[in-house]
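Before any comments, here is the structure.
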Amino acid sequence: MAHYYDKDTILYLDGALVKASEAKIDLYSQTMHYGYGVFEGIRSYRTQNGETRIFKPVEHYVRLERSAKLLNLPYTYSVEELIEATYQVLDKNNLQDAYIRPLVYAPANMSFVPNTESHITIQVWKMEPFLGEKLLRVMSSSYQRPNPKGFHIEAKACGHYVNSILASQEAKANGYDEALLTDMNGNIAEGPGANVFYEKNGQLFTPSLGNILPGITRATVFELAAGLGIQVTEKRITTEELKTADAVFFCGTAAEVIGWDSLDGSGFAKNWNDSLGRKIQKAYMALVTETSIKETINLV
Ligand code: PMP
């Protein structure tokens, strides 16, 4: 297992900075038993001038709030206070290149009735700078993403990740690096923790919103593509179509932008280094380590 904390690690819990080794949760929490909670996955980077900068913190904390509201969890935190708390936790742990995990969880409640309060924790751990060279061997999963008629699929809810774990474990057990899941109609949806794009004839394509998590990196890819003059189209995509792509990549906060080697063992027409995805990957890496800290100040 990865090493997330040691005896000195500090985390944020309901407004206080406390030692990870001493922090407690209630084992009767509704989140613990039913997966009824929401979370975020954020990253901070050491910028080119040596500062610590959280990438798109407003977008992540706005999504956390939306996820909580969609699940009917009490949510009383402001974007400003959570960004401030996150910088404090990073600082206390002397971390710059870090993964940041805010989690909103429910109190003791073994019934299904709504809660009158909730809790929040922010944990951080070291994330090695990205290498990005290794291409992924991806497997079409036998699992589909949760049906949006049964879940708020646009919420980043804890319980949804049972599906991600099953798919990822299946792919790895079969010798692949990662899984690709379809939606309830059998169309391409996303990876267990990343959105997917493919290149065909000089353009990029990605599944439309509705059956996927609206990724913040996905939105960033749209922005970068616009800046590079690359057209991006959202549409319904079949597995057969994806197999005829010139190149494919996953994108997500943790994955950043990462190219594919193959899908179910079949490769793609273009060399990754000549692909649009590679261009986007370079632009993304430059963006996340940019020195500007504009979005962390002057918050509304
Ligand atoms: N899809 C799923 C299912 C995810 O868990 C993630 C990671 N949060 C993503 C897509 C990518 O989202 P983001 O770019 O906001 O990290």
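The values are calculated or read from the model by the stated rules, or taken from the named source; none is laboratory data. Model, not experiment: these values are computed from the prediction. Positions of Cβ are backbone-derived with ideal geometry, glycine not excepted, and every protein chain shown enters the neighbour counts.
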Inset, instruction - Have a look at 167, 171, 157, 108 and point out the one that is over 23 Å from residue 272 (Cβ atoms), crowded, with 17+ Cβ neighbours inside 10 Å, of a type outside the set (D, E, K, R) and more than 15 Å from the chain's Cα centre (by Cα). - result: 167
Inset, instruction - State which residue pairs qualify: first residue away from the ligand (no atom under 16 Å from the Cβ) and inside the range 61-79, second residue modelled with pLDDT under 95 and in a helix (DSSP H, G or I) in any location, beta carbons under 7 Å apart, and separation of 6 or more residues or different chains. - result: none
Legend entry - Single condition residue 148 does not satisfy, out of (1) free of Cβ contacts under 8 Å to residues at least 60 places away in the same chain; (2) in a loop (DSSP other than H, G, I, E, B); (3) surrounded by fewer than 17 Cβ atoms within 10 Å (Cβ to Cβ): (1)
Inset, instruction - For the range 117-133, state whether one or more residues are among the aliphatic types (A, V, I, L, M), over 28 Å from residue 243 (Cβ atoms), surrounded by 13 or more Cβ atoms within 10 Å (Cβ to Cβ) and more than 17 Å from the chain's Cα centre (by Cα). - result: yes
Inset, instruction - Name every residue in the range 174-189 that is in a strand (DSSP E or B) and either of a type in the set (A, V, I, L, M, F, W, C) or farther than 16 Å from residue 151 by Cα (or both), in order of residue number. - result: 178, 179, 180, 181, 188, 189
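Conditions (1) over 28 Å from residue 163 (Cα atoms); (2) basic (Lys, Arg), marked per residue:
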position: 207; (1), (2): no, no
position: 243; (1), (2): no, yes
position: 253; (1), (2): no, no
position: 291; (1), (2): yes, no
Inset, instruction - Starting from residues that are without any contact (Cβ under 8 Å) to a residue 40 or more places away in the chain and part of a strand (DSSP E or B), keep the ones in the range 120-145 and report whichever is nearest to the ligand (Cβ to nearest atom). - result: 143
Legend entry - Selection status of residue 187, out of contact with any strand residue (DSSP E or B) (no Cβ under 6 Å at 6 or more places or on another chain), modelled with pLDDT of 95 or more and farther than 29 Å from residue 76 by Cα: yes
